[in-house]
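Input: a single structure, listed below in structure tokens.
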Amino acid sequence: MAATVVRDIMTKNIVTIEGNKTALEAAKLMSEKGISSLFVMKDTEPIGIVTERDFIKKVCAKEIPIGQVKVADIMSKILTTGDPEMQIEVAVQRMINHRVRRLPITEAGKIVGIITVTDLAKHLRTTLLLNGTLSDADSFDSVIATMDHDKH
């Protein structure tokens with residue numbers, strides 16, 4: 001059966017960092033975990049999210065020494081959240097409306113997961129396989145390349 005709600009496709013293992021840690025510590029943690037974002041916490045409350053894009057725009061482009069800037073100073077505000085029982089299509093629309101690539105998923109005021117564009121791509125691939133639109137022998141990359149080529 002195909003996934004229909006956010007809980008079915010969200011990444012449940014979220015990684016957090018305190019806002020008073022340095023950007024260097026955040027970068028090392030992201031590299032070690034192989035992830036592109038961290039939730040920024042103050043005590044037990046999420047106060048933002050720091051992403052690779054934050055590093056590029058707020059540290060690298062401004063040539064700020066990474067060991068001297070605090071995560072709280074470069075993080076982005078959480079613009080919107082989703083609910084684990086939200087329909088995937090609603091989550092996608094919310095991400096589009098808010099122009100975000102990551103949607104924090106909350107339950108009872110606590111972050112319980114995140115939906116990323118990677119999660120959505122995996123869901124799309126599974127849906128295409130289940131619908132017979134894509135076979136295991138097909139390369140998902142070639143399907144995407146064809147779609148990209150059609151846009152030009």
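No lab work stands behind these numbers, since they all come straight from the coordinates. Keep in mind that this is a model prediction, so the values were computed, not measured. All Cβ positions, glycine included, derive from the backbone under ideal geometry; neighbour counts span all protein chains shown.
Tabulated data for the structure shown
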item	result
Contact order normalised by residue count of the range 73-135, Cα under 8 Å, 6+ apart, percent	23
Candidate values [x] 0.95; [y] 1.03; [z] 1.08, label of the one derived for Rg/Rh (Cα atoms, Kirkwood Rh)	[y]
Stokes-Einstein D for the range 29-104, Kirkwood Rh over Cα pairs, 10 °C, 1.306 mPa s (µm²/s)	115
Under 5 Å, built H, 5+ apart or other chain: amide partners of Val5	Ile88
Charge dipole magnitude, Cβ of K and R +1, D and E -1 - the range 4-68, Cα centre, debye nearest 20	140
Amide H partners (placed H, <5 Å) of Val112, local residues excluded	Ile105, Thr106, Glu107
Alpha-carbon centroids, the range 47-77 and the range 16-35: separation in whole Å	11
Mean residue ellipticity (222 nm) of the chain, computed from DSSP H runs ≥ 4 via -39,500 (n - 2.57), nearest 500	-11000 deg cm²/dmol
Charge dipole of the range 1-95 about the Cα centre (unit charges at C-beta), most positive-ward option of Met75, Phe55, Ala26	Phe55
Sites Lys57 and Arg125, calculated FRET efficiency, Cβ-Cβ separation with R0 41 Å, nearest 0.05	0.85
For the range 66-77, 3J(HN,Hα) per residue [Karplus equation, 6.51 cos²θ - 1.76 cosθ + 1.60, θ = phi - 60°, Hz, x = Gly/Pro]	4, x, 9, 9, 8, 4, 4, 7, 10, 5, 9, 6
Neighbourhood charge, 13 Å Cβ-Cβ cut-off, centred on Pro104 and excluding it, Lys, Arg +1 and Asp, Glu -1	+2
Dipole magnitude (debye, nearest 20) for the range 6-151, charges at Cβ of Lys, Arg, Asp, Glu	500
Contact order relative to length of the chain, as percent, for alpha carbon pairs under 8 angstrom and 6 or more apart	26
Lysines with Cα under 18 Å of Lys58, excluding same-chain neighbours fewer than 8 positions away	Lys21, Lys28, Lys70, Lys77
